[in-house]
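**Q** This structure is in structure tokens; I'll ask about it shortly.
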Amino acid sequence: MLAYIIRRAAQSVLVLLVVGLVAFSMFRFVGDPIDNMLGQERTDADIEQLRATLGLDDPFPVQYWNFLTDAARGDLGISFRQGRPVAEIIAERAPATLELAAVSGLMALLFGIALGVFTAIRRDGFVANAIMTVSLVGVSLPTFLIGILLIYLFSVTLGWLPSFGRGEVVRLGGWSTGFLTSSGLKALILPSITLGLYQLTLIMRLVRSEMLEVLRQDYIRFARARGLRDRAVYFRHALKNTLVPVITIAGLQLGSIIAFAIITETVFQWPGVGLLFINAIQFVDIPVMAAYLMLISVMFVGINLVVDLLYFAIDPRLRADRGDIRR
Amino acid sequence: MKTLLGAAALLLALTPAARAAEFSWAGTTDPQTMDPHAVNSAPVLGFLNNVYEGLVRRGRDMAIEPALATSWEPIGAGEGWRFHLRRGVTFHDGSEFDADDVVFSYRRASDEAADVRSWFAPVSGVAKVDDFTVDIMTSAPNPIFPDSIANWMMMDSGWAEANGASLPDKENGNFATLNANGTGPFRITAREPGLRTELRPHRGWWGVARHNIDRAEFTPIQNPATAVAALLSGEVDMINPVPIQDAARLESAPGVEVVRGIEARVIMLGFGHEADTLKYGADAGRPNPFRDARVRMAVAKAVNVPAILRQIMRGSAEPASQLVSPAMRGHSPSLAARPQIDPDAAKALLAEAGYPDGFSFGLMCPNNRYLNDESVCQAMVSMLARVGLEARLHAMPVSNYWPELRADNYDMYLLGWSPGTFDAEHPIRFLAATPNSEKRLGSWNFGGYSNARVDALLPRIQSELDDNVRQAMLDEVAGILIDETAYVPLYVQPLVWGVRSNVSLTQRPDNFFILRWVTVDEG
């Protein structure tokens, strides 16, 4: 068991290091931050000097090494654009992204499961078919288009919801939350739908097919034969057994909700880390890009590691392969 | 007595509040710092013009007018300028403005750490004469010096020193990066970089407030479609810019208006004047035809600027014949006509230069720097093809673009130039003078254009005090640049702002948004 955990952890660290190396080798293709930092009246000497100060002339493995050694000390560097510590900026922006991801993830899970069960039970019904057809839209339309359509419908035409931003936020220590004001809650609605729609559809279709599979099983027939009511059959026996794969997928999707919030955040000017990253690319703000990419990969690698370890804990067959069962 | 004072204060507070309004606006770029000396960029200087003030400022028509100096005059035969300072001016924190702050702001803004220090290259020293008089000495007579310091903003020496911001720090930031203490009509009451910046009127401002804003908020919105939606839904009162393709739609929308104008920025084509060979296209490695003025002239005659303005700029932009727009000081009205569009003459010129069948070359173009830049380049590719010039288009984001130009990786390129001093001398210094790093000349003259007469005239233009003599020299330089087709000026970039109908404002050609000219009609 311990050897397995150590091996998986070592693999994760290796993946992280490789991601960082790839990221740093790409930065020079994003462009040169110098022209964004110096004004119109710069001279060649100014350019040389600033390049040297920022260490941009170093080969990328050297830049990467400097980033790693600083990061190991907890120093993520100073943003080229804002002139403030990157860690501070990310800490400021993270609540916006995490709240948005939590709301849209929760929404996707609740509605996804509910609609999935419904479409499985009434699989030949008109409404269920209509839902299935509409759900194709969620999968096939790109996120930014859905966002813009929602904005035009609910903000411009109907004027019900704000088209951009987070509304009023309340500060609780280092955390800024939009949950406590009405404008903050209103502002959450459209971005969460935009961000969660794909996951919602995915979960719905997954639940539906799992549910259809389970409903064919013998124990369901026995349950019916025992005269259990439909509700008990569907929700106590069938749904429970569909949830294992659903939870796994939902867990993994949480990572992508956070990572792919970039597009939603851009469309809604949502002040999270995704928008920060997009701005950093435009400005070639290398410290911010590096920190963001590393954080996202830490998150993905971490989620995968946890999932792997959970499998290991849950599934005795994995342990049998390792021979632990001999004891 | 106390009640009486209270009543008076209430009355004072109520008088402007009768029509006081909130105003919010959005732009694509968040000013990266609140430090007026750290960064020399239009979004920063434009924003801070509402907060800080200089000795002089620009009016609605771009003319220089008194601000923190009430008057100024040249010293002797041009040894410098004497500025008489306004009395009774207070900073937002209540401290008094005097000559010490000017001397301090000079030291701060001309320091190595300041990006704006190039404004002070001609300055040899700044001396306080008395509390409200300052002498700024220049190493040579400098007629446009007051024009060149309109964005040099005054900072309180006491405030800066007390907060450890005596010098700007662009790389690591300091107190002045996030906080501001100017003398301007608005003070910053909240600043969250990249999210929002809140301003409220400075009640102790020396001028007469003509606006009726009680609270203003700026939000950067990068996505143009989101900004347009925010304007249409009334969440913001003004956006800059409006995407050109959305302008017509906004004009027909109720409650919203489009304000058009032309910017100071001239868009032009540049050439490799020094390069021996072509670098791109099928003829890469062959001798560089653009060294021949006839070839450059052929390009000028082949590019159909009116068609570009009609089709791509949708009638918003104006054609340009020189490196500066007609709104700038020193523009030459006698040379305002663009070369005739004439594909046949272009072909004849090419044949004369020894390229009867044309040639193939590389055109570099940014795709996110100027309005519709890539579309303009694509249109030019097909226009050039008609006279036998096969341009291979390489379009890229601006952060990749400048490094390519600096590395001389182009045969022809697109460039926009907005003169920081609003004077015709500016582009000559940066774009036409022979590159010379020591003298800080020609730093954007990527192609290495060089003309001895232009180089000889430039210092004389810089120090000539007589306006007529100076204009004659500017005309001569403009004439040389046109005759040699050093660049092909194409058009002046348009300004397109979107505004709610109940807002009145002034659009200045430098694209600065001046809050004190805004009134919101709440009725």
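**Q** With only alpha-carbon atoms in the gyration tensor, what are the semi-axes of the equivalent ellipsoid for the range A:86-280, in Å, largest first?
**A** Equivalent-ellipsoid dimensions as semi-axes: 36, 18, 14 Å.
**Q** For B:Arg200 and B:Arg107 in the same chain, what is the full-extension length gain: residue separation times 0.36 nm, less their Cα-Cα distance, in nm?
**A** Extending this stretch completely gives an extra 30.6 nm.
**Q** Rounded to the nearest 0.05, what FRET efficiency do B:Thr90 and A:Leu106 give with R0 = 51 Å and r taken as the Cβ-Cβ distance? Could you check?
**A** Result of the calculation: an efficiency of 0.45.
**Q** Extension gain A:Leu172-A:Leu252, at 0.36 nm per residue separation less the Cα-Cα distance, in nm?
**A** 25.9 nm
**Q** Of B:Trp444, B:Leu309, B:Trp417, which is farthest towards the positive pole of the range B:263-494's charge dipole, taken about the Cα centre with +1 and -1 on the beta-carbons of Lys, Arg and Asp, Glu respectively?
**A** It is B:Leu309, whose Cα lies furthest towards the positive end.
**Q** How much of B:Leu441 can a 1.4 Å solvent probe reach, expressed as accessible area in Å² and rounded to 10?
**A** Probe radius 1.4 Å; accessible area of B:Leu441 about 40 Å².
**Q** Might you report the magnitude of the Cβ-based charge dipole of the range B:72-166 about its Cα centre, with Lys and Arg at +1 and Asp and Glu at -1, to the nearest 20 debye?
**A** Dipole of the range B:72-166, to the nearest 20 debye: 220 debye.
**Q** A drop of at least 40 square angstrom in accessible area, chain alone versus all protein chains together, probe 1.4 Å. Which residues of the range B:167-184 meet that?
**A** The answer is B:Lys170, B:Glu171, B:Asn172.
**Q** I would also like to ask the following. What's the magnitude of the charge dipole for the protein assembly as shown around its Cα centre, counting Lys and Arg as +1 and Asp and Glu as -1 at the beta-carbon? Answer in Debye, nearest 20.
**A** Value, rounded to 20: 4280 debye.
**Q** What's the local net charge at B:Arg249, with K and R +1, D and E -1, over the other residues with C-beta under 15 Å away?
**A** Summing Lys/Arg as +1 and Asp/Glu as -1 gives -1.
**Q** Label chain A by shape, choosing from rounded, prolate and oblate, from the square roots a ≥ b ≥ c of the eigenvalues of the Cα gyration tensor; if a/c is under 1.5 it is rounded, and otherwise prolate applies when a/b is larger than b/c, oblate when it is not. Intermediate values should be presented prior to the final figure.
**A** On the way: a/c = 2.79, a/b = 1.49, b/c = 1.87.
The shape class here is oblate.
**Q** Roughly what would the spin-label model give for A:Asp230 and A:Asp57, points 7 Å off Cα along C-beta, in nm?
**A** 7.7 nm
**Q** Let me ask another. Could you report the buried accessible area between A and B, both sides summed, computed with a 1.4 Å probe and given in Å² to the nearest 100?
**A** Adding both sides of the contact gives about 3900 Å².
**Q** With a Förster radius of 30 Å, plug the Cβ-Cβ distance of B:Ala385 and B:Ser450 into 1/(1 + (r/R0)^6) and report the FRET value to the nearest 0.05.
**A** My answer for the efficiency is 0.50.
**Q** Sticking with this one: Just to be sure I understand: of the beta bridges DSSP finds with both ends in the protein assembly as shown, what percent are antiparallel, rounded to 5?
**A** 75 percent
**Q** Can you tell me the 0 to 90 degree angle between the C-alpha axis of helix A:2-30 and the longest principal axis of chain A, rounded to 10?
**A** Long axis of A:2-30 versus the principal axis of chain A: about 50 degrees.
**Q** Can you give the helix-only mean residue ellipticity at 222 nm for the protein assembly as shown, where every DSSP H stretch with n ≥ 4 adds -39500 (n - 2.57) and the sum goes over all residues, rounded to the nearest 500 deg cm²/dmol?
**A** -14000 deg cm²/dmol
**Q** Peptide A:154-166: average number of partner chain Cβ atoms within 10 Å per residue?
**A** Per residue, the number of nearby Cβ atoms from other chains is 5 on average.
**Q** Using just the Cα positions, wrap the protein assembly as shown in a convex hull and report its mean projected area in square nanometres, one decimal place.
**A** Mean projected area of the Cα convex hull: 47.1 nm².
**Q** Kirkwood hydrodynamic radius of the range B:35-170 from all distinct Cα pairs, in Å? List each step's numbers first, then the result.
**A** Numbers: mean 1/r = 0.0667 Å⁻¹.
One over the average 1/r among Cα pairs gives 15.0 Å for the range B:35-170.
**Q** Round to the nearest 0.05 the FRET efficiency obtained for B:Ala162 and B:Asn409 when R0 = 41 Å and r is the Cβ-Cβ distance.
**A** Rounded to the nearest 0.05, the efficiency is 0.25.
**Q** If you count only protein heavy atoms with a 1.4 Å probe, what accessible area per residue comes out for chain A, rounded to a whole Å²? Could you put the intermediate results ahead of the total?
**A** Numbers: 16690 Å² over 327 residues.
Value for chain A: 51 Å² per residue.
**Q** From the Cα gyration tensor of the range B:115-261, with a ≥ b ≥ c the square roots of its eigenvalues, which class applies: rounded if a/c is under 1.5, or else prolate if a/b is larger than b/c, or else oblate?
**A** Values: a/c = 2.15, a/b = 1.80, b/c = 1.19.
Prolate shape, in that a/c is at least 1.5 and a/b is the bigger ratio.
**Q** List the residue ranges in chain B for DSSP H helices whose C-alpha atoms run 20 angstrom or more along the long axis and whose Kyte-Doolittle average is 1.0 or above.
**A** Length and hydropathy pass: B:2-17.
**Q** Give the separation of the Cα centroids, the range B:300-316 to the range A:41-105, in Å.
**A** Using only Cα atoms to place each centre, the spacing works out to 42 Å.
**Q** Taking the Cα centre as origin and putting +1 on Lys and Arg beta-carbons and -1 on Asp and Glu beta-carbons, what dipole magnitude results for chain A, to the nearest 20 debye? Kindly include the intermediate steps, with their values, before the conclusion.
**A** On the way: 29 positive and 25 negative charges, 474 e Å.
Roughly 2280 debye for chain A.
**Q** Pairs of Cα atoms under 8 Å, at least six residues apart: use those to get the relative contact order of chain B, whole percent.
**A** Taking the mean separation of contacting Cα pairs over the length of chain B, I get 19 percent.
**Q** In nm, give the distance between the simple-model label positions of B:Arg249 and B:Ala293, each being 7 Å from the Cα along the Cα-to-Cβ direction.
**A** Modelled inter-label distance: 4.8 nm.
**Q** Using the Cα centre of the range B:35-170 as origin and beta-carbon charges of +1 (Lys, Arg) and -1 (Asp, Glu), tell me which of B:Val126, B:Tyr52, B:Phe145 is placed farthest towards the positive end of the dipole.
**A** So the residue we want is B:Phe145.
**Q** To continue, here is another question. Need one value for A:77-88: mean number of C-beta atoms belonging to other chains within 10 Å of its residues' C-beta atoms.
**A** Mean shielding by partner chains, rounded to a whole number: 4.
**Q** Quantify how strongly other chains surround peptide A:265-278 by giving the mean number of their Cβ atoms within 10 Å of each of its Cβ atoms.
**A** For this peptide, the per-residue mean of nearby foreign Cβ atoms is 3.
**Q** Could you quote the convex hull projected area for the range B:365-463, Cα atoms only and averaged over all directions, in nm²?
**A** On the way: hull surface 30.6 nm².
Spelled out: convex hull of the Cα atoms, projected over all directions, averaged, 7.6 nm².
**Q** A further question follows. Rank B:Pro201, B:Leu178, B:Val116 by how far each Cα sits towards the positive end of the charge dipole of chain B (+1 on Lys, Arg Cβ; -1 on Asp, Glu Cβ) and give me just the farthest.
**A** Toward the positive end, the furthest listed residue is B:Pro201.
The values are calculated or read from the model by the stated rules, or taken from the named source; none is laboratory data. From a predicted model like this one, the values you see are computed outputs, not experimental measurements. So basically every Cβ, Gly included, is an ideal-geometry build from the backbone, and we count neighbours across all protein chains shown. We work out accessible area using only protein heavy atoms, side chains counted, and drop any ligands, DNA or RNA first. Shrake-Rupley method; radii C 1.70, N 1.55, O 1.52, S 1.80 Å.
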